[in-house]
Amino acid sequence: MSLQLPPLLEAAIEAFFTPEHIAANDIQQHEWEMRSLLKLMLDVLKPERTVELGTYKGFTAALLSLATSEKTISLDITDYGTDYAKQYARNLQLFLTDAAIDGVEQVIGNHLGGPIDLLYIDDGHYYETIVKEFALWSPMVRSGGWIVFHDINPLANIGPHGTQPDSIQVPRFWKELNGDKTELIANAQNKYRGHLPHGGIGILKV
Ligand SMILES: C[S@@+](CC[C@H](N)C(=O)[O-])C[C@H]1O[C@@H](n2cnc3c(N)ncnc32)[C@H](O)[C@@H]1O
C-alpha cells in the first residue's frame, strides 16, 4: 500500500521527521506508524472531530489535524512549547488541562461541537491512568469511531521509550482490551524514519 499523503501532510512530515527533531525526541512517533494511521484516517474513517490526550510539542496534534476535516483538540497538563508545530496545523485547539479528571471530557466535548470520531491516547502511560481515561473518554467517541493508543508495543520498553520502563503500561491494557483491534507496529524492513523498536499504534474500532 502506498503511504503517499496529500501535500500539506507531506510538507509537515518533512518538517517534523528531520534528524534533529528525531534525535531531540520532538517527534515521538515512527514515520511508518504515523503515515499508516493518517492514510487510514483519510481513506477509511474520514474524521470530522479528533481529540488527542498528550500534546507534548504538538507534532502529532498537527498531523492529526491535517487528516481531520472540522476540528482537532489536544490536551496536556504541561506546556512544552507548541509554536513550531502549530504553524503546520489546521483547525487545532490546545488546552492545558489534566485529561484524567472527571468532567474534563464534557468540557472538551462542548468545545468540539459534536462526538469524537478519533481519540488518540498518548498521555499518562500508567495502567491506572489508561483505565481511568478509557472510562471517561470512550463514551464521547461515536459508534464506528476509533480509539487509538500509542505505545502498545511491549518491545518499546527496551527501545528509546525505555527511558520510562516502568511507566509504559499501555501494552498490558491493550492486550486485555476486547474488540475489533488493528495494530500498526513498524519493523526494520521499511525505509521510514524513527527509532526502532517503536511504540506501536493500536486502533480500537468502537
Ligand atoms: C508521550 S508525550 C505525548 C507525545 C505526543 N502525543 C506526540 O506524539 O508528540 C506525553 C504527554 O502527556 C502529558 N500528560 C501526562 N499525563 C497527562 C494527563 N493526565 N493529562 C494531560 N496530559 C498528560 C505529558 O505532559 C506529555 O507531554
Determine the alpha carbon to alpha carbon distance for each of Lys71/Lys191; Lys132/Lys181; Lys71/Lys181 and list only those over 30 Å. Lys71/Lys191
May I ask which residue of Pro47, Trp174, Val104 lies farthest towards the positive end of the charge dipole of the range 7-205, with charges of +1 (Lys, Arg) and -1 (Asp, Glu) on Cβ and the Cα centre as origin? Pro47
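Calculate the dipole size of the range 7-205 relative to its Cα centre from +1 charges on Lys and Arg beta carbons and -1 charges on Asp and Glu beta carbons; express the result in debye to the nearest 20.
Details: 16 positive and 26 negative charges, 108 e Å.
Magnitude of the dipole: close to 520 debye.
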For the chain, just say rounded, prolate or oblate: build the C-alpha gyration tensor, square-root its eigenvalues into a ≥ b ≥ c, call rounded for a/c under 1.5, and beyond that prolate if a/b exceeds b/c, oblate if not. rounded
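Could the peptides 104-112, 84-92 be put in order, highest first, of the mean number of other beta-carbon atoms found within 10 Å of their residues? Spell out each step's value before the answer.
Values: 104-112: 16.0, 84-92: 18.2.
Those peptides, ordered most packed to least, come out 84-92, 104-112.
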Non-local residues with an amide H under 5 Å from the amide H of Ile73, with H modelled 1.01 Å from N and Pro and chain starts lacking one, are Thr50, Val51, Glu52, Gln93
Note, ³J(HN,Hα) from phi for the range 118-133, Karplus 6.51, -1.76, 1.60, rounded to Hz, x at Gly and Pro: 9, 10, 10, 9, 8, 10, x, 9, 7, 3, 4, 5, 5, 4, 4, 5
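Computed from the coordinates by the stated procedures, all read-outs in this text should not be read as laboratory data. This is a predicted model, so every value here is computed, not measured. Glycine also receives a Cβ, built like all others from the backbone with ideal geometry; neighbour counts cover every protein chain displayed.
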